[in-house]
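First comes the structure, then the notes that go with it.
The values are calculated or read from the model by the stated rules, or taken from the named source; none is laboratory data. Small disclaimer: the values here were computed from a predicted structure and weren't measured. Cβ atoms come from the backbone with ideal geometry, glycine included; neighbour counts cover every protein chain shown. Accessible surface areas use protein heavy atoms only, side chains included; no ligands, DNA or RNA. Shrake-Rupley method; radii C 1.70, N 1.55, O 1.52, S 1.80 Å.
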Amino acid sequence: KFRYIVIQDVELTKEILEKMATKLNGKVKKALIFNGNNICREGIISIASLLEGNRTMGYLHLCQSPINDLSGVMRLSEAVSTHPIPLSLNLSGCSIGTNMDILMTILRSGAETIYLNDNDIGSQGAIEIAKHLQSNASTLKQLSLDTNRLNDGDAILLAQALKKNTNLQEIWVRGNNFSVSGVKSLFKAIFNSSSLNAISESNHQCQLHLFSEMDTSQDYVEILNSQDRDTSRMRKISVAFHSRESTLHYLEGLPLEFMPDVLDEIQAETEENKLINMMYAIMRWWDMPALYSYHRCATSRYKRKRGAN
């Protein structure tokens with residue numbers, strides 16, 4: 001048996017692939033990698049047969065191999081959907097971005113990991129992908145959309161989908177045409193710091209890959225990424241409260257009876273040169289007349305209780 005079969009940059013005819021499907025039946029344990037090959041419709045069908053005959057295989061890579069026949073893709077999708085173990089399907093550079101039927105057939109195939117990098121997907125493809133993710137019906141765990149000419153409008157659509165999707169664990173959108181606006185939209189989907197409730201309701205399931213690994217901006221995103229939802233939520237709340245001056249608005253609406261404890265905490269942990277400014281800022285967030293009334297009522301109750309004793 002073979003752990004991997006790798007054939008790259010050759011012409012794989014229908015006859016060759018049919019013979020391979022027969023000869024390699026049950027003999028490929030882990031991965032089939034056919035990158036840079038010109039694969040015809042019949043070739044895709046033979047690859048589907050190869051997948052069906054090798055039930056322990058977890059990786060199928062057909063990168064840089066133009067795929068433009070819907071019937072062949074449907075046959076491959078059927079083989080993927082019945083595969084007994086999670087499958088990673090890499091179709092980067094396969095020129096499928098302009099064919100929405102092929103794109104959606106691949107997304108609905110049941111593969112847990114799909115790489116669609118460099119496929120010229122564009123805005124029409126982004127609309128269909130966002131609809132698919134927003135439906136939350138997919139078993140898709142990881143999706144890579146690097147270098148696909150996606151713009152800020154596409155980023156907004158994907159961000160809206162991520163707010164509703166609870167299955168996707170990782171998404172890559174590096175090398176697209178996002179400005180600061182598009183980046184903020186995507187980032188806000190996983191970390192909306194406008195309020196404590198917004199932080200809690202952010203998508204804590206999905207790890208976002210916005211920048212290249214060499215870009216220091218990705219380091220900040222990675223701080224928030226975690227495969228565990230609770231850990232991700234805790235990290236984000238921690239980051240939000242890291243700078244006290246910028247997060248005082250989180251205290252708005254907090255019951256007045258907590259005011260003394262909050263002030264005690266600030267006095268205990270804030271540097272002396274910041275204390276007055278902090279006190280002033282925090283007073284602005286509370287209704288001081290109501291606080292004064294609460295203080296008088298609390299004091300009266302305390303005095304009556306002492307007198308009764």
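Screening T166 on (1) in contact with a helix residue (DSSP H, G or I) (Cβ under 7 Å, 6 or more places away or on another chain); (2) under 25 Å from S88 (Cα atoms); (3) not charged (D, E, K, R) shows it passes everything except condition (1).
Restricting attention to region 112-162, report how many residues are of a type in the set (G, A, S) and touching a residue at least 40 places away in the same chain (Cβ under 8 Å). So the answer is 1. Checking region 182-204 against the condition returns no match, with no residue being more than 16 Å from the chain's Cα centre (by Cα), at pLDDT 85 or above, surrounded by fewer than 20 Cβ atoms within 10 Å (Cβ to Cβ) and not polar (S, T, N, Q). In the condition set (1) assigned to a helix (DSSP H, G or I); (2) open to solvent by 30 Å² or more (accessible area, probe 1.4 Å); (3) over 20 Å from S212 (Cα atoms); (4) not polar (S, T, N, Q), A137 is compliant with all but (1).
Restricting attention to region 88-110, the residues being open to solvent by less than 10 Å² (accessible area, probe 1.4 Å) and in contact with a Pro (Cβ under 8 Å, 6 or more places away or on another chain) number 1.
Among the numbered conditions (1) within 21 Å of T13 (Cβ to Cβ); (2) surrounded by fewer than 19 Cβ atoms within 10 Å (Cβ to Cβ), the only one that G43 does not meet is (2). When the test is whether a residue is open to solvent by less than 50 Å² (accessible area, probe 1.4 Å) and not basic (K, R), I85 does not pass it. With respect to A111, determine if the residue is touching a strand residue (DSSP E or B) at 6+ places or on another chain (Cβ under 6 Å) and either in a loop (DSSP other than H, G, I, E, B) or among the acidic types (D, E) (or both). Yes.
Residues that are under 21 Å from Q207 (Cβ atoms) and either hydrophobic (A, V, I, L, M, F, W, C) or modelled with pLDDT under 95 (or both) within region 98-121 comprise L107, A111, I114, L116, I121, listed in sequence order. Where in region 1-83 are there helices (runs of 4 or more DSSP H), lying fully within it, with 1 or more residues that are at pLDDT 90 or above and under 30 Å from T147 (Cβ atoms)? Of the helices (runs of 4 or more DSSP H) lying wholly inside region 1-83, those with at least 1 residues that are at pLDDT 90 or above and under 30 Å from T147 (Cβ atoms) span 41-53, 70-81.
Please verify whether I67 is hydrophobic (A, V, I, L, M, F, W, C), open to solvent by 20 Å² or more (accessible area, probe 1.4 Å) and either touching a His at 6+ places or on another chain (Cβ under 9 Å) or within 24 Å of W172 (Cβ to Cβ) (or both), treating the condition exactly as stated. Against the criterion (hydrophobic (A, V, I, L, M, F, W, C), open to solvent by 20 Å² or more (accessible area, probe 1.4 Å) and either touching a His at 6+ places or on another chain (Cβ under 9 Å) or within 24 Å of W172 (Cβ to Cβ) (or both)), I67 does not qualify. Which residue is modelled with the highest pLDDT, if the candidates are limited to region 158-181 and must be among the polar types (S, T, N, Q) and surrounded by 19 or more Cβ atoms within 10 Å (Cβ to Cβ)? Step by step, filter region 158-181, then rank; the result is N176. For region 84-99, the set of residues classified as among the aliphatic types (A, V, I, L, M) and within 17 Å of S144 (Cα to Cα) consists of L87, L89, L91, I96, listed by residue number.
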